[in-house]
Structure formats: structure tokens, C-alpha cells
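Engineer: Dumping the structure here so I can ask a few things about it.
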Amino acid sequence: MATLSLKDVRKTYGKTDVIHGVSIDIADGEFVVIVGPSGCGKSTLLRMVAGLEEITSGTIEIGGRVVNTLEPRARDIAMVFQNYALYPHMSVFDNMAYGLRIAGVRGDDLKARVAKAAEMLDLSTLLDRKPRQLSGGQRQRVAMGRALVRDPAAFLFDEPLSNLDAKLRVSMRLQIKDLQRRVATTSLYVTHDQVEAMTLADRLIVMNKGVAEQIATPMEIYDAPANMFVAGFIGSPAMNFLPATVTGSDLLISDGSRMPRPAGLQDGGVILGVRPEHLTRSRSAGPGTLTVRVLAVETLGADAFVHARLGESGSEDIVFRVPGHDRPAEGTVVSLAVDQDKVHIFDAATQRRISGM
Amino acid sequence: MNRSTFPHRLLPWLLIAPQLAISLVFFYWPAVQALWQSMLREDPFGLKSRFVGLQNFQKVLAEPAYINSIQVTAVFSILTAFFSMAIALLLAVQAEKIVRGRGFYRTLMIWPYAVAPAIAGMLWLFMFNPSFGTLAAIPRALGIHWDPLLNGTQAMGLVVAAASWKQISYNFLFFVAGLQAIPKSLLEASAIDGAGPVRRFWTIVFPLLAPTSFFLLVVNTVYALFDTFGIIHAVTSGGPGKSTETLVYKVYNDGFVNLLIGSSAAQSVILMVIVIALTAFQFRYVERKVHYG
């Protein structure tokens with residue numbers, strides 16, 4: 001168990017910057033998730049912590065010890081790979097015992113530690129099997145077990161659930177969270193799935209193009225995204241963005257509808273951000289509401305997501321959420337009340353958050 | 001059962017006829033001929049022959065020179081297969097580490113395979129000729145009395161070196177392909193698990209290369225038994241004093257030089273049986289230990 005700290009960590013391939021200075025202090029036992037679209041550098045960052053990629057500049061500390069130039073094996077970490085990376089010629093037991101044997105653990109001690117980890121992951125009956133005789137979920141658990149059994153200073157997860165089917169992913173997600181709580185080992189977890197990120201993380205690092213756009217708790221990120229990228233990436237369906245102008249006492253939307261002017265804004269162009277769950281159907285049109293024409297309805301059961309177009313002849317697409325049993329028909333025109341307490345205002349030029357909530 | 005039907009009953013036979021013809025003419029016919037000849041006694045001019053049953057076999061197996069040849073073959077084959085595979089593996093592992101110019105190195109490594117066996121043999125013979133060989137100076141400088149033309153052990157060393165050298169390229173190619181098929185993440189996982197480079201090699205890389213190694217073991221055994229005739233012929237002609245006379249070389253020597261056709265045929269039949277038995281053994285016992293991904 002240990003703290004993990006990154007200080008202005010950078011990575012450059014030739015002249016291309018892939019990681020632009022990431023800094024974070026991770027407390028002992030904390031679960032931090034790095035989330036971002038593919039190619040954002042999240043896996044590279046994790047591999048730099050693991051020692052599988054070199055660090056161009058900056059410092060990485062594990063348990064207060066600078067590990068920049070240390071070999072992976074000297075860093076006291078364990079990693080779960082996306083494809084599990086189980087040794088195909090070894091049994092489940094040997095896979096889990098591999099690291100311990102190298103560390104010099106022998107005999108009954110070895111057996112006891114593997115047995116304990118196997119029990120935690122419900123693998124006790126599978127110890128004699130080879131990886132190819134296991135299902136995807138079982139392989140994933142063996143990969144977890146191999147990390148767990150060594151009791152390292154930190155766990156690194158590289159998209160460990162992305163090869164599983166949706167149902168298994170949900171149950172494994174809970175299992176990982178539960179396991180991490182029980183062993184209380186500092187964890188760094190990479191995923192492109194924002195649901196996984198939100199549910200697992202104590203804190204999130206939202207990355208885009210090698211930049212850590214925001215580092216905060218899941219709810220802080222949901223409530224106050226630092227910029228339009230974070231706002232659009234976290235939350236499903238994504239936040240609606242509407243170009244607007246601050247003028248007089250109004251916030252004028254592109255289709256001509258008016259909202260009350262939020263406090264503390266100068267006149268000029270901004271982007272109004274509204275999440276689909278903060279738009280509700282209203283009986284009357286007027287200030288503070290949007291008029292949209294329904295294009296399509298996606299029914300999920302409890303909820304439905306309605307895809308609509310703003311205004312009579314507008315070009316802005318908008319998504320809002322309605323209860324599953326109260327869906328508007330396609331082609332109808334409806335009015336939507338905007339929850340004024342929950343809107344986000346972004347600078348049109350810098351895309352940074354200006355105000356809201 | 002769903003049978004595909006041909007409009008003509010003859011057509012399927014016509015279609016496989018070329019392959020059948022080649023197999024029959026070049027494999028089965030000579031094999032049957034050898035079997036038949038091994039039971040005949042023939043005068044050197046081929047004017048008359050007499051059926052003698054298994055007499056040729058009895059004679060061959062009672063001959064001390066034949067027993068010597070079996071021993072020579074065993075030593076030669078094991079050394080050649082071992083060195084050609086071990087060195088090829090070492091080179092393949094090293095070539096994997098090269099970042100720049102990897103393709104260039106690999107291409108260079110393949111060239112020796114294109115050298116004809118007889119020429120390879122001549123090259124080694126010249127390089128290590130005790131009187132004018134360039135490389136013969138090295139053992140001499142080390143105080144070794146170097147003369148493969150008289151010393152049987154040194155002659156064996158020379159043919160093993162030449163035969164291995166020629167086969168390294170082939171083995172190298174397969175090992176490179178085998179190494180590339182090992183997922184990088186396995187090595188990374190093992191590195192994180194605490195294994196150093198040497199341990200990573202023996203616990204992960206080497207076991208996962210087993211299918212490749214097994215295939216090469218079979219191929220190299222057959223190579224050492226049969227395809228090294230040219231090298232031995234060029235370098236030592238089986239000498240000095242039959243110290244490098246392998247089974248295949250003795251077949252040639254007895255049949256085409258000494259014109260003992262019957263004995264030579266019996267020897268080739270025995271050789272055939274040995275190779276079949278050896279290959280069967282390898283598949284039966286060695287392959288069990290091989291893990292196919």
C-alpha cells in the first residue's frame with residue numbers, strides 16, 4: 001500500500017507530444033480512473049507508471065520513492081492487461097504463483113497465498129486448468145488474481161473489462177470495486193467507458209489528446225465540467241450545446257428563444273450547455289423554454305431519449321430525457337423547460353467553463 | 001453425407017493424376033526398387049543378379065564399419081541439430097532487440113541458406129585448410145595442432161560447423177516468426193511480475209516457442225541425416241579413416257564407388273526405417289511436451 005504521485009509527467013515521441021504534463025497526487029488506497037477517447041494517451045500514461053514506457057520528463061513516485069528509471073519489476077506494482085496476458089502454457093495456479101515464486105515465496109506459504117486470492121475471486125476449483133479452458137470472465141478473474149496475490153503497492157488496470165460482454169462487465173465492475181475496497185490498495189484504472197469510470201472512481205482524470213482536462217470526483221465532474229470536452233464526454237447521452245448570445249437581460253439562443261441572463265456574464269457569444277436530464281416537457285412556450293420538433297425516440301424502458309431539432313427551421317440537434325411511458329410522438333412539436341439552476345455556460349472561443357451551478 | 005458429384009467418373013482421377021504420378025515415380029518406385037535390390041546380389045557390371053533374401057542385411061549389420069557409421073551419424077546429427085538450432089535461436093532473440101535496421105540484419109542472416117551445400121563445404125574446407133586456410137591460423141595460434149585431414153575429431157568438428165552454419169539461416173527464420181507470434185503483453189506481464197530478461201526467456205519465451213522448436217527438431221534431424229551429403233563429400237569425403245562417414249555417405253560410397261549395389265540398397269532401406277522410427281518417436285513422445293497456443 002502506498003501513495004502514487006505524478007509531477008508534470010510528459011512523453012514525447014520525436015517531436016510529437018503525447019502526454020502534456022500530467023500531475024496528480026493519489027492517496028493511499030484511492031481508486032483513480034483515467035478516462036478518455038481512444039488515442040488520448042491514457043494507456044500510455046498508465047504504461048509510464050508501470051515502467052513499460054519511458055518518461056520524457058517529470059517525476060513518478062510510488063510510495064514516496066521516485067521510480068522514473070526503475071525497471072517494472074522494481075516498482076512493486078501489479079498490472080491487469082486488456083487481453084489478460086495470462087501465460088498460456090501454465091495452469092491457473094502457476095499463473096498466479098509466477099510472481100510469488102520469483103519473489104522467493106515457496107512451499108506452504110506460496111500455496112496459502114494463492115489459495116487465499118483464488119478464494120476471493122472464486123477461482124478455487126479452477127486452479128488446475130489452463131487459460132484456454134476458461135471463459136472470458138474467468139480469465140479476467142485469473143488476471144485479477146495474479147495481481148492481487150502479490151500484494152503490491154499499487155494496482156494498474158488497462159481496460160480490463162473491455163473484452164467482456166455487457167452483462168459480465170457490470171458484475172465484474174462491482175467485483176473490482178468491492179475487491180479494491182477490501183484490500184485497500186491504491187489503484188490506477190484506464191478505461192474509455194464513462195459509465196465504468198463514473199461508477200468505479202474515487203477520482204477521475206479526464207484526458208483528451210494527451211492533456212488531463214480535469215481531475216476531480218465523478219460528481220464534481222458531472223456537476224461542473226471544466227470545459228466543453230469534459231462536459232460532452234461525461235454523461236450519457238452527451239450534454240446539448242447551443243450557441244447563444246448574451247445581450248440585454250437575455251441569453252438569446254440561435255433559434256430566437258430567450259433565457260434569463262445568468263449573472264456575471266459580459267455581452268457576447270457563449271455556448272449554453274444543458275444535459276438531457278435537465279430538460280422537461282412544459283405545457284406553455286415562452287421565456288425559459290425551447291421549442292423543438294421530435295425526430296426520433298429511443299426507448300430504453302424506464303426512460304426514453306428523444307432526439308429533436310431546435311426551432312421551426314433550426315439546425316441544432318437536441319436530446320432530452322422523458323419517462324418511458326410518456327413519450328412524445330415523432331414529428332410533433334413540444335416545448336421544453338430548461339432547468340435554469342443546472343445550465344452550464346462555456347466560452348465560445350476557449351470552450352472553457354464560465355459559469356453555472 | 002453430402003457428396004460432391006463429378007459429371008465424369010474419370011475426372012477426379014485425372015485431377016489427382018499429376019500429384020500421384022510424381023509421388024509414384026519419385027518416391028514409391030525408388031523405394032520399392034531399393035527394397036527389391038536390397039534382396040539381390042548383383043555383379044558390378046549389372047550383367048547378372050541373384051535373389052539372396054535377407055543376406056545383404058545380415059552382412060551389413062555384421063560389418064564393423066556399419067556400426068561405426070551409425071555412431072558417427074548419431075554424433076554428427078545430434079551436434080548439427082543442436083548447434084544449428086541453438087545458435088539460430090540466440091541470433092533470433094538478439095535480432096528481436098534491434099530497433100533500427102532489423103530488416104537488414106534479417107536479410108543478411110538468410111543468405112547462407114542460398115549457398116549450395118557443396119560450395120558451403122568447399123568454403124569451410126578452404127578456410128580451415130591446415131596449410132593455407134585463413135581461419136586455421138586461429139586454432140594454431142591457440143596451440144592446437146590443427147589438421148582435420150588427419151585428425152578425425154577435428155574433421156568431425158569441421159563438418160558439424162559447416163553443416164550447422166548452413167542450416168542456421170533456415171532455423172533463424174522460423175525462430176524469428178515464432179518470437180513475433182508471442183504477444184508482447186505476456187513479456188510485459190512477466191516483467192511486472194518481477195522476472196528479469198533471462199528468466200523471462202526460460203519461463204515464457206522458450207516454452208511458447210516449443211511448437212516451432214519441435215518442428216525444427218524434426219526438420220533438422222532429417223537434414224542432418226540426408227541433406228548433409230554434399231558437405232561431407234566436399235569437406236572430408238567421409239575421412240579421415242571413416243571418422244565422418246555417415247550412413248548416407250556410406251550408402252553412396254558402397255553403392256557408387258565400391259559398386260556393392262545390394263549392400264548399398266540394404267543400407268538405404270535400414271536408413272529409411274531409422275528415419276521413420278525417429279520421426280514417429282519425436283511425434284509420439286517429444287510432441288506431448290509441446291504446448292500449442
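Engineer: In peptide A:137-147, what is the residue-averaged number of other protein chain Cβ atoms found within 10 Å of each Cβ?
Structural biologist: 1
Engineer: Now, a different point. Under 8 Å for C-alpha pairs, at least 6 residues apart: give me the relative contact order for chain A, rounded to a whole percent.
Structural biologist: Once normalised by length, the contact order is 16 percent.
Engineer: Using protein heavy atoms only (no ligands, DNA or RNA), what is the total accessible area buried between A and B, 1.4 Å probe, nearest 100 Å²?
Structural biologist: The buried area between A and B, both sides summed, comes to about 1900 Å².
Engineer: One quarter of the convex hull surface, Cα atoms only: what value does that give for chain B in nm²?
Structural biologist: Working: hull surface 96.7 nm².
Computed as one quarter of the Cα hull surface, the answer is 24.2 nm².
Engineer: Please get the size of the charge dipole for chain A, origin at its Cα centre, with Cβ charges of +1 on Lys and Arg and -1 on Asp and Glu, quoted in debye to the nearest 20.
Structural biologist: With only Lys, Arg, Asp and Glu charged at Cβ, the dipole is about 960 debye.
Engineer: Counting only protein heavy atoms and a 1.4 Å probe, tell me what percentage of chain A's accessible area is made up of carbon and sulfur.
Structural biologist: 49 percent
Engineer: In degrees from 0 to 90, rounded to the nearest 10, what is the angle of the helix A:107-120 Cα long axis to the longest principal axis of chain A?
Structural biologist: Computed tilt is about 20 degrees.
Engineer: Of A:Gly264, A:Gly288, A:Phe346, which is farthest towards the positive pole of segment A:240-356's charge dipole, taken about the Cα centre with +1 and -1 on the beta-carbons of Lys, Arg and Asp, Glu respectively?
Structural biologist: A:Gly264
Engineer: What's the angle, to the nearest 10 degrees (0 to 90), between helix A:136-148's Cα axis and the longest principal axis of chain A?
Structural biologist: It works out to around 70 degrees.
Engineer: Let a ≥ b ≥ c be the square roots of the eigenvalues of the Cα gyration tensor of segment A:4-233; is it rounded (a/c under 1.5), or, if not, prolate (a/b larger than b/c) or oblate?
Structural biologist: Working: a/c = 1.96, a/b = 1.48, b/c = 1.33.
Since a/c reaches 1.5 and a/b is larger than b/c, the shape of segment A:4-233 is classed as prolate.
Engineer: Do any residues of segment A:28-65 show a loss of at least 10 square angstrom of accessible area between the isolated chain and the full protein assembly, using a 1.4 Å probe, and if so which?
Structural biologist: Flagged in segment A:28-65: A:Arg47, A:Leu52.
Engineer: Using 25 Å as the Cα-Cα cut-off, could you pick out the over-long pairs in A:Lys42/A:Lys130; A:Lys11/B:Lys184; A:Lys130/B:Lys289; B:Lys97/B:Lys166?
Structural biologist: Violating the 25 Å limit, Cα to Cα: A:Lys42/A:Lys130.
Engineer: Per residue, how many Å² of accessible area does the protein assembly as shown show with a 1.4 Å probe? Mind dumping the intermediate values first?
Structural biologist: Numbers: 32400 Å² over 650 residues.
That works out to 50 Å² per residue.
Engineer: Roughly speaking, what is the centre-to-centre gap between segment B:9-28 and segment B:165-197 when only Cα atoms are used, to the nearest Å?
Structural biologist: So the separation of the two Cα centres works out to 41 Å.
Engineer: On to the next question. Using a simple charge model, +1 on the beta-carbon of Lys and Arg, -1 on the beta-carbon of Asp and Glu, nothing else, what dipole does segment A:198-357 show about its Cα centre, in debye to the nearest 20?
Structural biologist: Taking the Cα centre of segment A:198-357 as origin, the dipole is about 60 debye.
Engineer: A further question on this structure: Please quote Rg/Rh for the protein assembly as shown to two decimal places, taking the Kirkwood radius as Rh and restricting both calculations to Cα atoms.
Structural biologist: In the protein assembly as shown, Rg relative to Rh is 1.18.
Engineer: I would also like to ask the following. At a cut-off of 40 Å², which residues of segment A:69-83 become less accessible once all protein chains are present than in their chain alone, using a 1.4 Å probe?
Structural biologist: With the partner chains in place, segment A:69-83 has these residues losing at least 40 Å²: A:Arg73, A:Phe81.
Engineer: Taking all protein chains in place and a 1.4 Å probe, what share, in percent, of the accessible surface of chain B do carbon and sulfur account for?
Structural biologist: Summing carbon and sulfur atoms, their accessible area is 71 percent of the total for chain B.
Engineer: Restricting to Cα pairs below 8 Å that are 6+ residues apart, what does the relative contact order work out to for chain B? Please round to a whole percent. All intermediate terms of the calculation are to be shown ahead of the outcome.
Structural biologist: Details: 321 pairs, mean separation 81.8, N = 293.
Contact order relative to length: 28 percent.
Engineer: Would you calculate, for chain A, the mean residue ellipticity at 222 nm contributed by helices, counting each DSSP H stretch of 4 or more residues as -39,500 (n - 2.57) and dividing by all residues, to the nearest 500?
Structural biologist: -7000 deg cm²/dmol
Engineer: Going by the alpha-carbon gyration tensor, a ≥ b ≥ c the square roots of its eigenvalues, is segment B:180-293 rounded (a/c under 1.5) or, if a/c is not under 1.5, prolate (a/b greater than b/c) versus oblate?
Structural biologist: Prolate.
Engineer: For a quick protection proxy, order the peptides B:161-169, A:45-53 by their average other-Cβ count within 10 Å, most packed first.
Structural biologist: Working: B:161-169: 24.2, A:45-53: 22.2.
In decreasing order of mean packing, B:161-169, A:45-53 become B:161-169, A:45-53.
Engineer: Once each part is reduced to its C-alpha centroid, what is the distance from segment A:1-71 to segment B:92-107 in angstrom?
Structural biologist: The distance from the Cα centre of segment A:1-71 to that of segment B:92-107 comes to 30 Å.
Engineer: Hey, could you grab the Kirkwood Rh for segment A:240-356? Inverse mean 1/r over distinct alpha carbon pairs, Å, one decimal.
Structural biologist: Evaluated on segment A:240-356, it is 14.5 Å.
Engineer: Roughly how many debye, to the nearest 20, is the charge dipole of the protein assembly as shown about its Cα centre, given +1 on each Lys and Arg Cβ, -1 on each Asp and Glu Cβ, and no other charges?
Structural biologist: Charge dipole, the protein assembly as shown, about its Cα centre: 1760 debye, nearest 20.
Engineer: I'd like the residues of segment B:153-196 whose 1.4 Å-probe accessible area shrinks by no less than 40 Å² going from the isolated chain to the full set of protein chains.
Structural biologist: B:Ser185, B:Leu186, B:Glu188, B:Ala189, B:Ile192, B:Asp193, B:Gly194
The values are calculated or read from the model by the stated rules, or taken from the named source; none is laboratory data. In this text, all values refer to a predicted model and were calculated from it rather than measured experimentally. With ideal geometry, Cβ positions are generated from the backbone for all residues, glycine too; neighbour counts draw on all protein chains shown. All accessible areas refer to the heavy atoms of the entire protein, side chains included, with ligands and DNA or RNA removed. Shrake-Rupley method; radii C 1.70, N 1.55, O 1.52, S 1.80 Å.
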